[in-house]
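Trainee: Before I ask anything, here is the structure I am working with.
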Amino acid sequence: EIWGDIPDATSWELSHTISIQVIRGGWVMYEKPRFHGRKCVLAEGDVEINNPWTAYGQSGQPRGSQPFRIGSFKRVVQDYRTPEISLFAEENGEGAQLKFTDSAEDTRVQGQPLAAASIIVHSGLWLVYSKPFFDDDPYVLEPGGYPNLKAWGAKDPSICSMHPIRLGGCGTTLTLPCPQVLIYEAADFQGRSFTISRDIYDLKRLPGPALPTVGSLHVLGGCWVGYEKEGFRGHQYLLEEGQYQDWRQWGGYSKELVSLRLIRTDFSSPALVLFEAMDFEEGSSVELSEALPDTQLAGYGTVTQSIHVLSGVWVAYEGTNFSGEQYILEKGVYRSCEDWGAMDCHIASVQPILQILLFSEPDFLGDHIAFEEDQEVLPTTFVPHSCRVRGGSWILFDGQAFAGEQHVLSEGEYPTLSAMGCLSSTAICSLKKVPVFFSEPSIFLHGLECFEGKEIELNNEVRSLQAEGFNNHVLSVRVKGGIWVLCEHGDFRGRQWLLECTEITNWLTYSGLQHVGSLYPIRQRRIYFRIRSRELELYLSVPDDVEDMKAGRVVVSSLSEQSSSIWYYEDGLIKNQVAPNMSLQVIGPAGKGAKAVLWSETRVPRQTWSIDSQGRIHSQMFEDMILDIKGGRSYDHDHAIIWDMAEERPTQIWD
């Protein structure tokens, strides 16, 4: 079990193949001691590794003939800062600069790769590839400067793809029966130490010799808040399970850490409302249920003077992308910034502390593991017997790599395998998040193969096809919209199949059944997004103040404070943040070139839309018509319109 850097691990005796579970952070495994030699990157999750050093082909040594030796370990990714890397056209950080903050699978421009003579990694751990789509062995770049090709071990300046290793969302991974923190007087876990399992108002008042501050600490269980001053005041620091060898590791503004408090709130179904005015008075506000890296993405500013946490536990940050001063917010009301311990009203990003938990015993007992991302393989020593789902819907599989029987779980608590829809002998081996979708639920069940025979069209859940008067004999299925779960028996029991938009010509071959007992569509929370023209690199926007208008123009433009480009999808309608009572609609005769505008959502008939995986936005009312941009040189060249699907019109593709 490793909590921090290991400068020399050569004494460890390992087989040629080892399994590693990275619980927290982004790590680098080095071939030699003192962080030298070839590197192997480890992101959060489980992985099985064959000796990576033999992959380089040592002459005369057959693969696998030598034991696995690790030289050293370093924890590189330790916080939530946005990864950032800059590529320069000339050596020593000079010349034209390109900056990246996210993964890029193909950086080529017109088939030509980017050429970098020097690199600066501002934050994060980056994998840089000389081929597109993350092909071939990457160069592993830690934070720092690389003045020339030799500095990162390259001979060719070509860079075609890159990927950052990130820290997963807030959460805990392994909980002891009693939450505990082991605090040390000095850094690096030296000096006097105390174990605490309750709130500490002032360390100086602990029994025995006074402890002026915390030099280092080890959170053994639970989720805690550390404070700079006594009485739970001053700068706040979220302390998750793990080791913090000095004040820099918990993101301290100084060496002072004088009081600690355990977070006891239920983490389920997080929701909060940010208010621009003090004491929840009139003014701008936004309600959130998921992490938001920039409050302006939701059409809300950076000034927050009161907060109502409806449920869950949240971390609010002074800077965007979960950076800067942090404030821990539990369920309740905060009428001014002083209530959450801030000196001013600046909040630019927030995220809930999420827990998606699998427990080793029924009734949420025993050890548990928290997951934020898909897991192809669960630890072989861990067999789940109960589950709490906190955020979205998940598919559990009884086979590795998302194979075998499926068990779909929405948000809630499942105290037994039976409650999870599993047999008592079921062993969950992998799990996967249900993806986001942008279409209204619609499914067709047919009595014969190839969509022939009787047809049943459904838009909502059915607990029992037979009880609703339908014949449950089904031989083909077509999912037109949404994501559906089809169940073997009534009341959503028995085997399950999760289906996205698809056509299954032979249900018997696909499922082994000739019937469907019950079915339901997955429901998803509201999410905010921008819609960008891939061809023009402009954003679908509302340039006018439409609050008191009957209709509003919809155009493409650059991002600016004068227009709103924040949209959300609700019951098939595409809405803009500034006009929640209006939706995207087509006016006039519905032919090629008809304009799309914002109009009252009460207009009949409802105009709904779907977005496919290729980035086309389809009108559900006007068949074969999709959202496009007028173009040309007229005054309204930037207006949104509808048009027939046409490959020669690249403006029909949106990101």
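Trainee: Please find, among Glu185, Glu230, Glu240, the residue that is at pLDDT below 85, of a type in the set (D, E, K, R) and in the same structural domain as Val258 (by TED's automatic domain parsing).
Mentor: So the residue among Glu185, Glu230, Glu240 that is at pLDDT below 85, of a type in the set (D, E, K, R) and in the same structural domain as Val258 (by TED's automatic domain parsing) is Glu240.
Trainee: Further question: Filtering region 365-384 down to residues that are buried (at least 18 other Cβ atoms within 10 Å of the Cβ) and more than 14 Å from Cys429 (Cβ to Cβ), which residue is nearest to the chain's Cα centre (by Cα)?
Mentor: Out of the qualifying residues, it is Ala370.
Trainee: Let me ask you something else. Which of the residues spanning region 325-341 are buried (at least 16 other Cβ atoms within 10 Å of the Cβ) and either assigned to a strand (DSSP E or B) or among the aromatic types (Phe, Trp, Tyr) (or both)?
Mentor: Hits for region 325-341 are Glu325, Gln326, Tyr327, Ile328, Leu329, Tyr334, Trp340.
Trainee: What residue, of Ala467, Ala401, is more than 25 Å from Asp571 (Cα to Cα), aliphatic (A, V, I, L, M), modelled with pLDDT under 90 and in a loop (DSSP other than H, G, I, E, B)?
Mentor: Values: Ala401 fails: in a loop (DSSP other than H, G, I, E, B).
When all the criteria are applied, what remains is Ala467.
Trainee: Find the residue count for region 133-151, including only residues that are hydrophobic (A, V, I, L, M, F, W, C) and either surrounded by 18 or more Cβ atoms within 10 Å (Cβ to Cβ) or in a loop (DSSP other than H, G, I, E, B) (or both). Show your work before the answer.
Mentor: Of region 133-151, the ones hydrophobic (A, V, I, L, M, F, W, C) are 133-134, 140-141, 149, 151.
Now restrict to residues that are either surrounded by 18 or more Cβ atoms within 10 Å (Cβ to Cβ) or in a loop (DSSP other than H, G, I, E, B) (or both): 133-134, 140-141.
Selection size over region 133-151: 4.
Trainee: Say we look at region 72-91 and pick out the residues that are at pLDDT 90 or above and touching a Ser or Thr at 6+ places or on another chain (Cβ under 6 Å); which of these is nearest to His36 (Cα to Cα)?
Mentor: Residues of region 72-91 at pLDDT 90 or above: 72, 85-91.
Filter again for touching a Ser or Thr at 6+ places or on another chain (Cβ under 6 Å), leaving 88, 91.
Working: Phe88: 25, Glu91: 24 Å.
Step by step, filter region 72-91, then rank; the result is Glu91.
Trainee: Out of (1) over 25 Å from Thr302 (Cβ atoms); (2) at pLDDT 85 or above; (3) in a strand (DSSP E or B), what's the single condition that is false for Phe194?
Mentor: (2)
Trainee: Any residue at all in region 136-151 that is without any contact (Cβ under 8 Å) to a residue 60 or more places away in the chain, more than 24 Å from Arg38 (Cβ to Cβ) and not acidic (Asp, Glu)?
Mentor: No - not one qualifying residue is present in region 136-151.
Trainee: Let me ask something else about it. Looking at region 1-18, which of its residues are in contact (Cβ under 8 Å) with a residue 60 or more places away in the chain and part of a loop (DSSP other than H, G, I, E, B)? I'd like the intermediate steps shown before the answer.
Mentor: From region 1-18, those in contact (Cβ under 8 Å) with a residue 60 or more places away in the chain are 2-10; that's our starting set.
Matches in region 1-18: Ile2, Trp3, Gly4, Asp5, Pro7, Asp8, Ala9, Thr10.
Trainee: Now, a different point. Please find, within region 252-278, the residue that is surrounded by the fewest Cβ atoms within 10 Å (Cβ to Cβ) out of those that are in contact with a strand residue (DSSP E or B) (Cβ under 6 Å, 6 or more places away or on another chain), part of a loop (DSSP other than H, G, I, E, B) and modelled with pLDDT under 85.
Mentor: Taking region 252-278 first, the residues in contact with a strand residue (DSSP E or B) (Cβ under 6 Å, 6 or more places away or on another chain) are 253, 256-262, 269-276, 278.
Keeping just the survivors that are part of a loop (DSSP other than H, G, I, E, B) gives 253, 256-258, 269-270, 276.
The next check asks that each one be modelled with pLDDT under 85; those that pass are 253, 269-270.
Numbers: Tyr253: 11, Ser269: 16, Pro270: 27.
The residue in question is Tyr253.
Trainee: Can you pull out the residues in region 513-535 that are over 22 Å from Trp609 (Cα atoms), small (Gly, Ala, Ser) and part of a strand (DSSP E or B)?
Mentor: Scanning region 513-535 gives a single hit, Ser518.
Trainee: Would you point out the residue of region 485-505, among those that are within 23 Å of Glu623 (Cα to Cα) and within 28 Å of the chain's Cα centre (by Cα), that is surrounded by the fewest Cβ atoms within 10 Å (Cβ to Cβ)? Steps first, answer last, please.
Mentor: Step one: list which residues in region 485-505 are within 23 Å of Glu623 (Cα to Cα), which gives 500-504.
Now restrict to residues that are within 28 Å of the chain's Cα centre (by Cα): 500-502.
Details: Glu500: 15, Cys501: 18, Thr502: 11.
By that ranking, first place goes to Thr502.
Trainee: Also, quick follow-up: If we keep just the residues of region 17-53 that are hydroxyl-bearing (Ser, Thr, Tyr) and within 29 Å of the chain's Cα centre (by Cα), which is surrounded by the most Cβ atoms within 10 Å (Cβ to Cβ)?
Mentor: Tyr30
Trainee: For region 75-129, what are the residues that are of a type outside the set (Asp, Glu), over 27 Å from the mean Cα position of the chain (by Cα) and either in the same structural domain as Lys39 (by TED's automatic domain parsing) or not in a strand (DSSP E or B) (or both)?
Mentor: Hits for region 75-129 are Asn92, Gly93, Gln110, Gly111, Pro113, Ala116, Ala117.
The values are calculated or read from the model by the stated rules, or taken from the named source; none is laboratory data. Only a predicted model underlies this, so the values are computations on that prediction, with no experimental measurement involved. Please note: Cβ atoms are built from the backbone with ideal geometry, for glycine as well, and neighbour counts cover all protein chains shown.
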